Amino acid sequence: MSASGGSPLASLRRITTTRPEPVVGERCEMCAESIAEAHQHVVNLESRQLMCTCRGCYLLFTAEQAEMRYRAVPDRYLSFPDFAFGAGEWDDLQIPVGLAFLFHNSVQERIVAFYPGPAGATESELPLDAWERIRAANPRLGHLRPDVEALLLRGGDREHPDFAAHVVPIDACYELVGRLRSLWRGFDGGTEARAAIEEFFATVEARSRPAPPAPDAEVSR
Ligand SMILES: [Zn+2]
Ligand SMILES: [Zn+2]
């Protein structure tokens, strides 16, 4: 900024006092450019916070192997039609509600499991061997990207005796948790929370395509 325009703070004040308040839109949390209501996100790996980003800033963090503090959340949904998972595995996860999401936290170097409720997301102590077993029985889970994608599991209740598994963007999970937090009533969430979960799963199912073959199999070809 040139010196002739006065101090940055003064010019900022001038802008804010002479212009009418802009229509409150969202802004990129990295460069402050205004962004559409539907936009992409980047995860801060240390704080686990999501940042709303413009396309340009988002693309800076799409490299998967780079040593970076931020990582772009991909926009893909995968289904696992032959998911090897049953009531025993579900019990191992120690999830008190019919829904959980698991992701690999690369800073903590472990898989963490969360479930929604009135306090937002609650972490479940996941026995390490429980994940190892699920992963071994479902080699396609090798596609799950650390930090930015979650394995969403549903089942274990009367309405949904069959388990469903999807890989979903982590921001979609945050959004669902935030929504459920305000709707949750009682032990099982109540009617409104259950309706929100149904709606969420309908969207996930519509957007999902079957997971490709296990990454190891691709390499060995
Ligand atoms: Zn930006
Ligand atoms: Zn956002």
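The values are calculated or read from the model by the stated rules, or taken from the named source; none is laboratory data. Note that the coordinates shown come from a computational prediction; the quantities given were computed from them, not determined experimentally. Cβ coordinates were reconstructed from backbone atoms using ideal geometry, including for glycine residues, and neighbour counts include every protein chain displayed. Calculation scope for accessible area: heavy atoms of the full protein, side chains included, ligands and nucleic acids excluded. Shrake-Rupley method; radii C 1.70, N 1.55, O 1.52, S 1.80 Å.
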(request) Within the stretch 153-196, list the chymotrypsin sites (Phe, Trp or Tyr not before Pro) lying in a DSSP loop whose Cβ has at most 10 other Cβ atoms in a 10 Å radius. (result) F187
(message) Given a 1.4 angstrom probe, I'd like the percentage of the accessible area of the chain that is carbon and sulfur, rounded to a whole number.
(response) 52 percent
(request) Starting from the Cα of F187, step 7 Å toward the Cβ, then list every residue of the stretch 117-135 with an amide N under 20 Å from that point. (result) 117-120, 122-125
(message) I need to check one value: relative contact order of the chain, counting alpha carbon pairs closer than 8 Å and at least 6 residues apart, in percent.
(response) 18 percent
(message) In Å², and per residue, what accessible area does the chain have when probed at 1.4 Å with the other protein chains present?
(response) 58 Å²
(request) Report, to the nearest 10°, how far helix 190-207 tilts away from the longest principal axis of the Cα atoms in the chain, using its own Cα long axis and a range of 0 to 90°. (result) 90 degrees
(request) Calculate how steeply helix 8-18 sits against the longest principal axis of the alpha-carbon atoms of the chain, using the helix alpha-carbon long axis, and give the answer as 0 to 90 degrees to the nearest 10. (result) 90 degrees
(request) Place the peptides 141-148, 28-35 in order of packing, highest mean first, counting for every residue the other Cβ atoms within 10 Å and averaging per peptide. (result) 141-148, 28-35
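So how do 76-89, 98-111, 201-214 stack up, highest first, on mean other-Cβ count within 10 Å?
Peptide ranking by packing, descending: 98-111, 76-89, 201-214.
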